[in-house]
Every structure is written in C-alpha cells, then in structure tokens.
Amino acid sequence: MRPETLAIHAGYDVEPTTKAVAVPIYQTVAYAFDSADHGAALFNLEVDGFRYSRIGNPTVAVLERRVAALEGGVDALAVSTGQAALNYALLNVTRFGTNIVTVPQLYGTTYTLLAHLFAGQGIKTRFAESDQADAIEKLIDDDTAAVFCESVGNPAGNICDLEALARVAHRHGVPLIVDNTVATPILLRPIEFGADIVVHSLTKFMGGHGTTLGGMIVDSGAFAWRQHAARFPMFSEPDASYHGMVYVDHFKESAYIGRCRSVYQRTTGAVLSPLCAFLLLQGIETVALRVERHVENARRVAEFLRHDSRVAWVNYAGFPDSPYHRLAQKYLRGRACSLLTFGVEGGFEASKKFYDALRLVTRLVNMGDAKSLACHPASTTHRQMSAEEQAKAGVKPEMIRLSVGIEHAEDIIDDLDQALAAAK
Ligand SMILES: *Cc1c(COP(=O)(O)O)cnc(C)c1O
C-alpha cells in the first residue's frame with residue numbers, strides 16, 4: 001500500500017478481545033506468564049510476546065511497525081527521543097577505537113553527540129569537508145563503522161545524494177545511516193536509495209503537533225552483517241551479555257534492531273511511553289496531508305521572501321537556482337521541504353529585530369509543528385559551536401530558520417511582512 005494508507009493502518013489489526021478500533025494504550029509495565037516454562041521461553045526469545053515494557057510494549061510496537069512500513073524497513077525500535085535514537089543507532093555499530101564518517105551539516109545536538117560525547121568514549125568522528133561522496137570516501141578506513149548524514153540537513157537545508165553516499169559506504173563494507181527527520185518518509189524513503197538504517201526524531205513532522213518527544217530506528221534488513229563480521233563482530237559472535245546470543249542467527253535480517261533492543265534498550269532504557277506512542281500514532285495518521293500543505297505553504301512563503309527587497313537571501317531547495325534543486329527533483333520529487341532559512345537585509349541586528357517582531361510565527365527551537373515556527377540557530381541550537389564550526393554546519397549569524405506551518409499561507413506571509421517592516 002501507499003504511504004497515505006500505511007500512515008493510517010499499518011501495524012494494527014482490530015484488537016481481538018475488545019475490538020477496539022483506535023490503538024489501545026497498554027499502560028502496563030509487565031505481562032503475565034502462563035507458567036515458568038512460558039516465562040523462560042519468552043526470555044529465550046523462543047516465543048513471541050511481551051515481558052516487560054522496557055523491552056517492548058504493544059502500543060509502542062504498533063508505532064514501530066507503522067514507521068517501519070512507511071520507511072520500507074523490516075523492523076524498527078521506538079525510543080524516547082530522536083537523540084536517543086541517534087545514540088543507540090550509532091553505538092550499535094561502533095566499539096572503542098572505531099570511527100564514524102559524517103557530512104558536516106548536522107543538527108546541533110547530533111554534532112555535540114558525535115564531536116564531544118562519542119569522542120570521550122573512544123569513538124572518533126571524522127567530519128567531511130562537504131556532503132559530497134568523494135569527501136566522505138577519503139575519510140573511510142578499516143576502522144570506520146558507519147557513514148552518517150541527514151537526508152535533508154537541519155538547519156542547512158542541504159540535500160544529500162544518498163545513492164552516491166550509499167555507493168561509497170558499501171564499496172568499503174560500511175552501512176549508511178540516515179537521519180530522515182526533516183524529509184519524513186512522505187517526501188523521501190532513504191532505503192529506496194541504499195540507506196541501511198534510518199533514524200527519526202518523531203518529535204517533528206511525524207508527530208506533527210509539538211506535543212510529544214519520540215525517536216525511531218528503522219532497519220532496512222539489507223546490510224550483510226555476517227559477511228562483514230571482521231568489522232562488525234558484535235552481530236555474528238556470541239554475546240556474553242545475552243547468554244551467548246548470536247544476533248544474525250536469531251534475528252536473521254533484523255539482527256541490527258534485534259541487538260539494538262536486546263542490548264541498548266534493555267540495559268540503558270531510553271523507552272518511549274505507551275501514551276506518547278499513542279499520541280505519535282495520532283499525528284502520523286495525518287502526516288501525508290500535513291506535509292503536502294507544509295510544502296505548498298513553504299513554496300508560497302519562499303516566493304514572497306525572494307521577491308522582497310528587505311530580505312538579503314533565501315535558502316530554499318525549491319528555487320531553480322538553488323544548488324540543491326537537482327537533488328530536490330530526484331530525492332523529493334520536486335517537493336522542497338518546509339524548513340527554509342533566510343537573512344534579513346541589515347545583518348544580525350536586523351534579523352534579531354525581525355525575529356522579535358513576529359506575532360503569529362512562534363519564536364522557539366522546534367520544527368515540524370502544525371504551527372509556523374522560527375528559530376535563530378546561532379544563538380540557540382548551534383551556540384555551542386565556534387564561528388568556524390557554525391560556518392561549516394551552514395549556520396550564518398543572521399540566519400533565521402523558518403518551519404512553515406499549515407495555517408493559511410496569507411496569514412503567515414502577513415506576519416513576516418509586518419516583522420520585516422519592524423526590522424527596517
Ligand atoms: C530534532 C532533531 C533531532 C533530535 O530529536 P529529539 O526528538 O528532539 O531528541 C535529531 N535530528 C534532527 C534532524 C532533528 O531535527
């Protein structure tokens with residue numbers, strides 16, 4: 001079925017005991033065993049079922065199946081936030097002494113995770129000079145555990161050539177891990193272009209209403225962990241932390257998610273609550289409709305800003321002269337994302353005045369809400385970076401990042417218009 005349908009139906013059949021049509025919220029910590037043998041079989045993963053909600057929960061499982069279906073993956077693990085998803089997704093393939101090769105345009109907290117936290121744990125991150133495949137390939141060596149990128153960078157708005165990145169990663173026996181938060185599977189399904197693992201912050205467009213944090217890791221099932229056992233022994237050697245489990249034998253094509261759940265989720269517990277899973281499922285039911293309107297409103301807002309002399313520059317992949325226009329045609333089928341950046345004529349001070357004058361558009365650090373939102377990355381999400389690091393990540397001091405909402409486009413434009421007047 002197609003994404004619009006999957007977003008509403010995938011992963012849930014009417015629950016047989018109550019016939020509940022909406023996904024029930026299973027607000028329970030644990031699940032009863034029929035007998036000691038049944039409990040043992042559950043712990044040995046010999047039978048399907050739930051044991052304890054840190055490892056799995058029926059409401060959360062519906063969300064996992066739904067997002068896996070939307071992304072075209074074989075399995076998925078839901079976690080409490082997008083950052084938890086990135087942490088687990090990358091820890092699951094790395095060990096002390098290995099490295100991650102990444103494009104430089106990253107979400108601010110992801111940059112911090114890679115550049116500072118992982119470095120302190122003996123996992124080095126190599127930041128490429130650009131998002132081009134040859135810049136990535138230069139940095140891959142025998143200790144590289146993953147190539148990482150955001151399909152559409154937040155806030156840089158760059159679109160990665162996923163096919164080219166997958167080709168160089170796979171040439172060296174390394175998986176491509178893609179954060180698909182900005183694009184959503186409605187605009188882009190990275191697995192179709194060779195991504196092995198897809199990560200989401202469901203907090204943004206997927207949930208869509210700015211009410212609930214959540215993260216997801218989706219496994220394509222395509223990466224040959226057994227074939228690359230020298231680089232990734234954790235999937236094909238017996239795991240002492242799980243009574244000798246060999247993940248590729250037990251979980252077959254979903255060995256990656258099986259290990260992520262059995263090792264990281266079980267022992268460090270960044271769990272998504274059943275209530276949050278329910279709220280995210282409500283949001284996802286309308287994600288296709290919302291993204292369509294987000295995209296259309298963004299096109300109108302971008303056109304307005306481009307033709308206004310009070311605006312210095314606009315970065316929007318929908319413009320024919322954008323450096324990412326060709327990639328937007330290929331990967332987003334021409335539907336440029338509703339996250340766009342611009343600078344007000346007059347630099348940092350003028351942009352700040354503009355920002356302070358907004359009335360309808362909310363000042364905050366978030367995106368993908370039904371509401372239009374504006375953020376000033378240099379003073380918030382990217383403030384921990386040096387000026388050079390900011391420049392590499394595509395952040396300029398005067399840059400305003402707009403997440404164009406689904407209000408009436410004219411009302412959004414009216415607000416931008418009055419704020420531009422105030423900045424003059
Ligand atoms: C917001 C965001 C994250 C982090 O997600 P949280 O749910 O806030 O933890 C990661 N990557 C991208 C691209 C994001 O926009």
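The values are calculated or read from the model by the stated rules, or taken from the named source; none is laboratory data. Just so you know, these numbers come straight off a predicted model, no measurement behind them. Please note: Cβ atoms are built from the backbone with ideal geometry, for glycine as well, and neighbour counts cover all protein chains shown. Accessible surface is based on the protein model in full, side chains and every heavy atom, while ligands, DNA and RNA are left aside. Shrake-Rupley method; radii C 1.70, N 1.55, O 1.52, S 1.80 Å.
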Worksheet entry | Size of region 282-401 as Cα extents on the principal axes (Å, biggest first) | 38, 33, 29
Practice prompt. Just tell me, in residue order, which DSSP H segments of the chain are both 18 angstrom or longer along the helix axis (alpha-carbon based) and at least 0.5 in mean Kyte-Doolittle hydropathy.
Written response: 58-71
Worksheet item: Between residue 315 and residues 5 or more places away or on another chain, which pairs have amide H atoms under 5 Å apart, with H built 1.01 Å from N, and which residues are they?
Response: 341, 342
Practice prompt. Sum up the charges of everything whose Cβ sits under 14 Å from the Cβ of residue 303, counting Lys and Arg as +1 and Asp and Glu as -1, but leave residue 303 out.
Written response: -2
Worksheet item: Is the shape of region 1-156 rounded, prolate or oblate, going by the alpha carbon gyration tensor and its root eigenvalues a ≥ b ≥ c, with a/c under 1.5 for rounded and a/b larger than b/c for prolate?
Response: prolate
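Of the accessible area of the chain, with the probe set at 1.4 angstrom, what percent is carbon plus sulfur?
Values: 9310 of 17510 Å².
C and S fraction of accessible area: 53 percent.
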Worksheet, complete the sentence: Total charge of the residues flanking residue 109 in space, meaning their Cβ is under 14 Å from its Cβ, with Lys and Arg +1 and Asp and Glu -1, is -1
Discussion item. How much of the DSSP bridge set in the chain is antiparallel, in percent, rounded to the nearest 5?
Written reply: 60
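Assign one of three labels to region 118-238, namely rounded, prolate or oblate, based on the Cα gyration tensor with a ≥ b ≥ c the square roots of its eigenvalues; rounded applies when a/c is under 1.5, prolate when it is not and a/b is larger than b/c, and oblate otherwise.
prolate
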Worksheet item: Taking Cα centroids, how far is region 361-413 from region 24-58 in Å?
Response: 43
Worksheet item: What residue among 209, 382, 307 has the largest mean-square fluctuation in a Gaussian network model of the chain, using Cα springs under 10 Å?
Response: 307
Worksheet item: Where a Cα-Cα gap under 18 Å defines reach, which lysines qualify for residue 371, not counting those fewer than 8 residues away within the same chain?
Response: 204
Worksheet item: For residue 345, which sequence-distant residues (separation of 5 or more, or a different chain) have an amide H within less than 5 Å of its own amide H, given hydrogens modelled in the peptide plane?
Response: 311, 312
Fill in: region 3-282 shape via C-alpha gyration tensor axes, a/c threshold 1.5
oblate
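Within region 257-339, which chymotrypsin sites (Phe, Trp or Tyr not before Pro) sit in a loop by DSSP and count at most 13 neighbouring Cβ atoms inside 10 Å? Intermediate values should be presented prior to the final figure.
Values: sites: 264, 278, 304, 313, 316, 324, 331; in loops: 316, 324.
For chymotrypsin sites (Phe, Trp or Tyr not before Pro) across region 257-339 that sit outside H, G, I, E and B with at most 13 neighbouring Cβ atoms in 10 Å, the list is empty.
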Worksheet item: Taking θ as phi - 60°, what are the ³J(HN,Hα) couplings along region 220-225 by the Karplus curve (6.51, -1.76, 1.60), each to the nearest whole Hz, with x for Gly and Pro?
Response: 6, x, 8, 6, 8, 4
Discussion item. Just to be sure I understand: of the beta bridges DSSP finds with both ends in region 289-423, what percent are antiparallel, rounded to 5?
Written reply: 85
Worksheet item: Once phi is turned into θ = phi - 60°, what whole-Hz ³J(HN,Hα) does the Karplus curve with 6.51, -1.76 and 1.60 give for every residue of region 258-269, x standing for Gly and Pro?
Response: x, 6, 4, 6, 6, 9, 6, 5, 5, 9, 10, x
Discussion item. Within 10 Å of each candidate Cβ there may be at most 16 other Cβ atoms; applying that plus a DSSP loop requirement, which trypsin sites (Lys or Arg not before Pro) in region 201-269 survive?
Written reply: 226
Practice prompt. Return one whole number: the accessible area per residue of the chain in Å², for a 1.4 Å probe.
Written response: 41
Response to the item:
In whole Hz, the Karplus estimates of ³J(HN,Hα) for region 99-104 (6.51, -1.76, 1.60; θ = phi - 60°; x where Gly or Pro) are 9, 10, 9, 9, 5, x
Worksheet item: In a solvent-free Debye calculation with one equal scatterer on each Cα, what is log10 I(q)/I(0) for region 356-424 at q = 0.16, 0.21, 0.22, 0.27 Å⁻¹, listed in the order of the q values?
Response: -0.59, -0.89, -0.94, -1.14
Response to the item:
Over the chain, the sum of -39500 (n - 2.57) across DSSP H runs of at least four, divided by residue number and rounded to 500 deg cm²/dmol, gives at 222 nm -9500 deg cm²/dmol
Item to complete: Taking H placed 1.01 Å from N in the peptide plane, check which residues at least 5 places from residue 179 or on another chain put their amide H under 5 Å from its amide H.
Response: 149, 150, 151, 199
Worksheet item: Which net charge results when you count Lys and Arg as +1 and Asp and Glu as -1 among the other residues whose beta-carbon is under 10 Å from that of residue 292?
Response: +1
Item to complete: Considering Cα pairs under 8 angstrom that are at least six residues apart, work out the relative contact order of region 26-105 and quote it in whole percent.
Response: 18
